[in-house]
1. How high is the FRET efficiency from LYS213 to VAL247, r the C-beta distance, R0 25 Å, rounded to 0.05?
2. Grab the Cα-Cα distance for LEU332 and ARG181, subtract it from 0.36 nm times how many residues apart they are, and report the gain in nm with one decimal.
3. How large is ³J(HN,Hα), in whole Hz, for each residue of segment 290-296 in order, when computed from phi with the Karplus curve 6.51 cos²θ - 1.76 cosθ + 1.60 and θ = phi - 60°, using x for Gly and Pro?
4. Can you list residues whose amide H is under 5 Å from ARG48's amide H, if they're 5+ apart or on another chain and H is modeled 1.01 Å from N?
5. Sorted by average packing, counted as other Cβ atoms within 10 angstrom per residue and highest first, what order do 113-120, 280-287 take?
6. Suppose R0 equals 30 Å; then what is the FRET efficiency for VAL115 and THR168 from their Cβ-Cβ distance, rounded to the nearest 0.05?
7. To the nearest 0.05, how large is the calculated FRET efficiency for LYS325 and ALA199 if R₀ is 30 Å and r is the Cβ-Cβ distance?
8. Given 0.36 nm per residue, what is the gain on full extension from LYS129 to TYR236 after removing their alpha carbon distance, in nm?
Amino acid sequence: MKIHKEYLSHKFFCRAFLLLFCFCSCLTPKLKSDESLLTHLRYSTHFRLAKGFPFQKPQHKKWETKEYIFHVYSRSFAQGDVVYLELLPQDVLSSFPIKPRLFFNGREMPLSKTVFGYRSFFGIPTTLKPGSYPLQVQLGKPFESISVAQNQSLASSHPTYPGRKDFTITVRKKKFSESKRRIYIRRRKKALSARKLRARHKKIHRFIAEKKKAYSRFTDEIFIRSELAHPLEKHYVTSPFWIKRHVARFQRIGKRTIQLKPRVRIHKGIDLRARTGTPIYSIADGRVVIAKRMVFEGNFVLVEHGQGIFSGYMHLSKINVRKNKKIRSGQLIGYSGATGAVSGAHLHLLLQIRNVPVDPLSLLSLPVRDETDTTQKL
């Protein structure tokens, strides 16, 4: 009988502790995913982060001259990363007499004018070898070189002047994996007739031309504000960026189907696990330039973010936006599915900056601010 009383007493205290814990949990305010706030320096960038997403604090480089302050941010300055830059005059109340010019590795990068100065995005190509590369800022004459490298071949092509400041940013090597597992794309049960096959090929070429025309759009203005969003509510990568994949191929000869040598393809986006009907959100502000069904992409939405920056969402089961409509970061654009050339339901997310494919998730580390924000950075 004594053991029975001790058992009841222990059981009572366990239940009381559990009820107290649940009551305290209800009183504690929980931060919803769409209310996620991460603060960088003296101003705030709002991120709508998915559950399980490993946020990475960006690396920051800051340089100063008599005329301006130069900020450069990137997730890790590695191959395939997005880079965000801001150019601010030393005197907050003044502005640049003429528009500056920015060059990275010998190529001019566009600058978008803001209230605080200028800003720009560019992508580090995956094919760019690890090392240091030059980054120049030109404020009329003379040409002042801010060297991000000790690259003699490129440095010799630009004149140097006394009093210049030299800095170094090293592009890091990114290890891109390779999957030997074969990917089997869903095939038709019946072969298409010659007439239908010709019509399909014409449709594919028409879609290719349409995408090429959309990617050629360019505006100096950047639509991206200080709010960025993960496209899903739960984060799980099924196929990472720039992975080499082996896609199975087949050939029909009469009634027989012969398996051919697999084709090796580089994955220029990222695949995220999403069951059919999962809500998909825009990662940043922009304008819809494509919203239709295509052959390989399935239901496809392409969003322009300005300065030649585009994000794409493939294989959707349903599209909730229309062409030429402006959308905001975190806005519902559709639902995931298995349309197009797929092996199963998922979201294929891509990000391209002036024809340079980059890892879309590297954008979700950058402290982007509104073009009207006049807060001076540290």
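1. On the way: r = 27 Å, r/R0 = 1.08.
Working from the Cβ atoms, E equals 0.40.
2. On the way: separation 151, 0.36 × 151 = 54.36 nm, distance 3.33 nm.
Extra length from LEU332 to ARG181 when fully extended: 51.0 nm.
3. Using θ = phi - 60°, the values come out as 9, 8, 7, 8, 10, 6, 8 Hz.
4. LEU228, ALA229, HIS230
5. On the way: 113-120: 18.6, 280-287: 22.9.
Packing proxy ranking, top to bottom: 280-287, 113-120.
6. Values: r = 30 Å, r/R0 = 1.01.
Here the calculated transfer efficiency is 0.50.
7. Numbers: r = 30 Å, r/R0 = 1.00.
It comes to 0.50.
8. Numbers: separation 107, 0.36 × 107 = 38.52 nm, distance 2.91 nm.
Full extension from LYS129 to TYR236 adds 35.6 nm.
Just so you know, all these numbers are worked out from the coordinates, no wet-lab data involved. These figures come from a predicted structure and were not determined experimentally. We place every Cβ from the backbone using ideal geometry, glycine too, and count neighbours over all the protein chains shown.
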